[in-house]
Amino acid sequence: MYSPDGQFIAFNSNRAGVFDIYILEVATGDIRQITEHRGHNYVPRWSPDGKRLAFYSNYLGNPWTGEIDHDVYVVNADGSDQQAAVSDPSDDMFADWLPDGTGLVFASDRGGTRVLHTLNLLTGVVVPLFDPDEGMDFTMFQPRIHLPTGDVVFEGYREGNSDVWLFDSSDRVARQLTNTPADEYGPAISPDGTMVLFQVADEQGRGQVGMVNITGTDYRVVTSMGAYTTPIWGPSGNIVTIYYDPDAVDGPPSNWNLYTLDADGTT
């Protein structure tokens, strides 16, 4: 994920044995490690001011034995002052920042079903994003917040299928943006707030890059060859994604690389 000023990219990597958080300086290519081998650490998200990162970790669980207990953490961008933002027997993951930087939205199964919650970092209070009476009790993952509006896109699983949803912060209702037989996941709103980017599985089960208008119209898949994962918006409205060629001699996952695409999916 790009920092708010576009100068850095935060990512997770297992290059040192377990997954930790790293920061890449775009101009120089220099990489520095932010977290230090205490469990597996995933999916860093920059605070709106670019000074902190939120991520989730299995510090209190072992994924290889099935003892999953993810918790959400916050750390300064220089690696200092790492703290648990939420530490609960529930499984808490995929945090993103509220526009004012005072809280987070994250996915948690603390109510039985994994749904979105908000955390006030000043008070520690956690509440569901949706009113329980709204019927939003299906499984939710990967919230991403559009900072200018506070709207939240997320992936929702109902009846075995994953679709992209939008929570409108002004009227506090959720709208389903995709409704296809394919699975769409990992959404992100474009910098200008008009389009939602996501990963979608093709007929071979390979990830492709898809997008849909913020109103739920003009659904399209913009890639077709190879396999893609984790597409995000770049600072200039381009697409940054991880790609591999499934037909390469060495095969996946050893030949994953980072690519940039134009907004229409061309290189």
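Points worth noting:
- Checking Gly50, Gly79, Gly61 one by one, the residue that is surrounded by fewer than 21 Cβ atoms within 10 Å (Cβ to Cβ), modelled with pLDDT of 90 or more and within 23 Å of Val18 (Cβ to Cβ) is Gly79 and no other.
- Residue within the stretch 189-205 that is crowded, with 19+ Cβ neighbours inside 10 Å and in contact with a Lys or Arg (Cβ under 7 Å, 6 or more places away or on another chain) present: yes
- Hits in the stretch 108-154 (condition: of a type in the set (A, V, I, L, M, F, W, C) and in a strand (DSSP E or B)): Val115, Leu116, Leu119, Val126, Val127, Met140, Phe141, Ile145, Val152, Val153, Phe154
- Looking across the stretch 188-240 at every residue that is hydroxyl-bearing (Ser, Thr, Tyr) and not in a loop (DSSP other than H, G, I, E, B), the one that is nearest to Ser3 (Cα to Cα) is identified as Thr230.
- Given (1) part of a loop (DSSP other than H, G, I, E, B); (2) under 19 Å from Pro143 (Cβ atoms), index of the condition Gly50 fails: (2)
- One residue from Val86, Val105, Val115, Val43 being β-branched (Val, Ile, Thr), crowded, with 20+ Cβ neighbours inside 10 Å and at positive phi: Val43
The values are calculated or read from the model by the stated rules, or taken from the named source; none is laboratory data. Here the structure is a predicted model, which is why all the values come from computation and not from measurement. Because the Cβ atoms are built from the backbone with ideal geometry, glycine has one as well, and the counts that use them run over all protein chains shown.
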